[in-house]
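The structure appears below as structure tokens.
The values are calculated or read from the model by the stated rules, or taken from the named source; none is laboratory data. These numbers come from a predicted model, not from an experiment. Cβ coordinates were reconstructed from backbone atoms using ideal geometry, including for glycine residues, and neighbour counts include every protein chain displayed. Note: areas computed on protein heavy atoms with side chains; ligands, DNA, RNA excluded. Shrake-Rupley method; radii C 1.70, N 1.55, O 1.52, S 1.80 Å.
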Amino acid sequence: GNIILSDVSKIYSNGTVGLEDINLTFNHGEFVMIVGLSGSGKSTLLRAINRLHDVSTGTILINGEDITNASGNKLHKLRRSVAMIFQNYNLVKTSSVYRNVMSGRVGYYPAWKSAFGIFTKEDKAMAVANLKRVNLLDKYYVKAKDLSGGQQQRVGIARAMMQEPSVILADEPVSGLDPKTTKLVMNDLKRLNEEDGITIVLNVHSIGLALKYASRIVGLKNGRIVYDKFIEDVDKRD
Ligand code: ADP
Ligand code: ADP
């Protein structure tokens, strides 16, 4: 996936500046980690890319398509190619792992159809394959609420993969997880990035994690870019 933000600003309706003059190009296969203090604009940036909200000015291109004002089919297509994982996992806690993972497929069907839970054999095979990749196939029938935090996040990753995305956006996916679990989740994401060439944009507040996993580090402060380097150019004193 390829993402180009040009002169993007986001001013919330109460006047708060979320993002200011953002110019960024993320290329296919990059593992970008966005670092910055709470309130620096990291979530605002991801929500803009996924069109969970509109931006105030500027344009956003994804895989060459201008999605800034996309609606209808075009927005639907965008939502499929850009998958998201969340800090709080956003799983249906009382549903099985299998059902949560399958829900990633819903965007492939008209709403009326998915409401009846009509999934194909191929969808089911894909769910099994994706659960294998995050090493959770044995949890297939377990309810999401009975999993550990790290396991829930890996179900979130398997669900994201059901969209066959070219981009995965991750908003602080490992905050709240212990170091060992963090490593499992980050390694799963790293593998998808390296093996499938999925572009990953991931928010963190720990620079240590970024140094360990990112191919590129972007720093935000007060809605502006204050740092942008590929990992090989990062100076430990930065
Ligand atoms: P981060 O993800 O880095 O913590 P955010 O993108 O959430 O930062 O926030 C950036 C700025 O925008 C902060 O000043 C925050 O208070 C503000 N903000 C975020 N969401 C909203 C909102 N829905 N309405 C008004 N201001 C918001
Ligand atoms: P549904 O609720 O749609 O009837 P199920 O939850 O019973 O579906 O199972 C979906 C499909 O996945 C079935 O074909 C089932 O055999 C298969 N399946 C279930 N558990 C596993 C597993 N642990 N490994 C591989 N395939 C499984």
Search the structure for amide H atoms under 5 Å from the amide H of A170, placed 1.01 Å from N in the peptide plane, and list their residues when 5 or more places away or on another chain. I85, V201, L202, N203
Which ³J(HN,Hα) values, rounded to whole Hz and listed in residue order, are derived for segment 225-232 from phi using the Karplus coefficients 6.51, -1.76 and 1.60 in 6.51 cos²θ - 1.76 cosθ + 1.60 with θ = phi - 60°, glycine and proline given as x? 7, 10, 7, 7, 9, 6, 4, 5
So D54 and S148, fully extended at 0.36 nm per residue minus their Cα-Cα distance, gain in nm 30.4 nm
Which value in deg cm²/dmol, rounded to the nearest 500, describes the helix-derived mean residue ellipticity at 222 nm for the chain, given -39,500 (n - 2.57) per DSSP H run of n ≥ 4 and division by the residue count? -9500 deg cm²/dmol
Using a 1.4 Å probe on the protein heavy atoms, what percent of the accessible area of segment 102-212 belongs to carbon and sulfur? 56 percent
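Suppose all protein chains stay in the model; what accessible area per residue would a 1.4 Å probe give for segment 23-131, in Å²? Let's see the in-between values first.
Details: 5310 Å² over 109 residues.
For segment 23-131, the solvent-accessible area averages 49 Å² per residue.
Using Stokes-Einstein with the Kirkwood hydrodynamic radius over Cα pairs, what translational diffusion coefficient do you get for segment 1-136 at 20 °C and a viscosity of 1.002 mPa s, in µm²/s rounded to a whole number?
Working: Rh = 17.0 Å.
The Stokes-Einstein estimate is 126 µm²/s.
R0 = 22 Å: FRET efficiency of L137 with N187, Cβ-based, nearest 0.05?
Details: r = 17 Å, r/R0 = 0.78.
Efficiency, rounded to the nearest 0.05: 0.80.
Calculate the translational D of the chain in whole µm² s⁻¹ from Stokes-Einstein, where the hydrodynamic radius comes from the Kirkwood formula applied to all Cα pairs, the temperature is 37 °C and the viscosity 0.692 mPa s. Before the final figure, lay out the partial values.
Values: Rh = 18.3 Å.
Answer, rounded: 179 µm²/s.
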Using amide H atoms built in the peptide plane, which far-off residues or other-chain residues are under 5 Å from A214 H to H? none
By the DSSP-based rule, helices of the chain that are at least 30 Å long along the axis (C-alpha) and have a mean Kyte score of at least 1.0 are none
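Assuming R0 = 22 Å, can you tell me the calculated FRET efficiency for the pair E164 and T25, based on Cβ-Cβ distance, to the nearest 0.05? Present the calculation step by step, with values, prior to reporting the outcome.
Details: r = 23 Å, r/R0 = 1.05.
E between E164 and T25, to the nearest 0.05, is 0.45.
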